Amino acid sequence: MQDESNLAADQAAADPVADAPDSDAAVADAAATGAITADQAKLVLRRVKDPELNLNIVDLGLIYDVVVDGSDVRIDMSLTSPGCPSGPEIMGEAEQQLKTMPGVGDVTVNLIWSPPWTPDRIEPRVRAYMGF
């Protein structure tokens, strides 16, 4: 029989993003303040998952940069490989999710390959969960 601390650790490992901030709260904050921040945009991008890995693109380290200029949002992102068959789907979903934020104007998604994505870019707790 496991003690309570081991049980809590096992539950956290089963869902590596269980303690992730609520992206719906970020949308509400943006609506309340009328200003969009890069951090709020990143929270909303957590809704976008790589369909093969079932992990969000922020924790996977696919988001390299988020720039907010007034109401416009630009993201620089990569994919796990140049031949990623889900690339267009992931990029489209990222754009769509950002557009759900109140006050967002134009959204630009730039696909970049430099520096190349490596597993080292994965959020450490997710990397541990995945066994890297």
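Residue pairs whose Cβ atoms lie under 6 Å apart, separated by 6 or more positions or on different chains, with the first residue in the range 82-97 and on the phi < 0 side of the Ramachandran plot and the second among the charged types (D, E, K, R), are Q97/R47. Among the conditions (1) exposed (fewer than 13 other Cβ atoms within 10 Å of the Cβ); (2) over 20 Å from N54 (Cβ atoms), the only one that L98 does not satisfy is (1).
Please tell me if L53 is in contact with a strand residue (DSSP E or B) (Cβ under 9 Å, 6 or more places away or on another chain), in a loop (DSSP other than H, G, I, E, B) and closer than 18 Å to P124 by Cα. Spelling it out, it is not the case that L53 is in contact with a strand residue (DSSP E or B) (Cβ under 9 Å, 6 or more places away or on another chain), in a loop (DSSP other than H, G, I, E, B) and closer than 18 Å to P124 by Cα.
Please work out if I90 is modelled with pLDDT of 95 or more and either surrounded by fewer than 17 Cβ atoms within 10 Å (Cβ to Cβ) or in a helix (DSSP H, G or I) (or both).
Yes: the conditions hold for I90.
The values are calculated or read from the model by the stated rules, or taken from the named source; none is laboratory data. Here the structure is a predicted model, which is why all the values come from computation and not from measurement. Here Cβ is always computed from backbone atoms with ideal geometry, including for glycine, and neighbour counts include all displayed protein chains.
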